[in-house]
Amino acid sequence: MQSPTPQAPSPEAQELLSQLRDIQEPNAVNWWPPAPGWWMLAVLILVCVAAAVLWWRQRRKKVERNRYRVEAASLLAAVNTEEADAVPEINEILKRVAVTTYSRTECGNLIGTAWVEFLKKSAPLECPSDAQQALVENLYRGSCDPDKNRVLQEYAILWVKQHGQPTKNSPQHQGGEAAHV
């Protein structure tokens, strides 16, 4: 089977073909200036990046501000409550944290019941009677009751983690001591 030979177009078809023009390609799309949607996306990305940076800086400052708490809690956890010097060691760490947070003039010279009252006042915790007794009576005796020492150690760790920050009128905010353990 042979293919049919092409026939010459009719005069009407030739007239229509002569009216056709070449296809005009549109101009190339420029990448600048971008469409409004791209501008909005760029602004959204910048806002998100700025918010993430601000959040990270605040988080880092908070962690840095509370690093002394973590260090003190680990020092307290490392105290051997079986030894006779456990109470003075725990008391020393508590004093260092209190002086760091508040000021030496506010709590550095407190001893006995005044010291225990300060600890109660500065944290939303109930101080167990065994811990109070250890701080008031057994601090300089050198007696060793591991159970009472353990209660004091647990209270001290909780106090370090939960004690409040000084108020704006406290001596630390009016030129008090440094803020590191």
Spatially proximal lysines relative to Lys148 (Cα-Cα < 25 Å; intrachain offsets below 8 disregarded): Lys95, Lys120, Lys121, Lys161
From the helices alone, meaning DSSP H stretches of at least four residues, give me the mean residue ellipticity at 222 nm for the chain, per-run term -39500 (n - 2.57), in deg cm²/dmol to the nearest 500. -18000 deg cm²/dmol
Residues Trp31, Trp56, Trp159, sorted so that the one with the fewest Cβ neighbours within 10 Å comes first: Trp31, Trp56, Trp159
Among 145-157, 78-90, how do they line up by average Cβ neighbours within 10 Å per residue, starting with the highest? 145-157, 78-90
Give a residue-ordered list of calculated ³J(HN,Hα) values for the stretch 87-103 (Karplus: 6.51 cos²θ - 1.76 cosθ + 1.60, θ = phi - 60°; whole Hz; x for Gly, Pro). 5, x, 5, 5, 4, 4, 5, 4, 5, 4, 5, 5, 5, 5, 7, 9, 6
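Read the figures in this text as sums done on the coordinates, not as results from a lab. Note that the coordinates shown come from a computational prediction; the quantities given were computed from them, not determined experimentally. With ideal geometry, Cβ positions are generated from the backbone for all residues, glycine too; neighbour counts draw on all protein chains shown.
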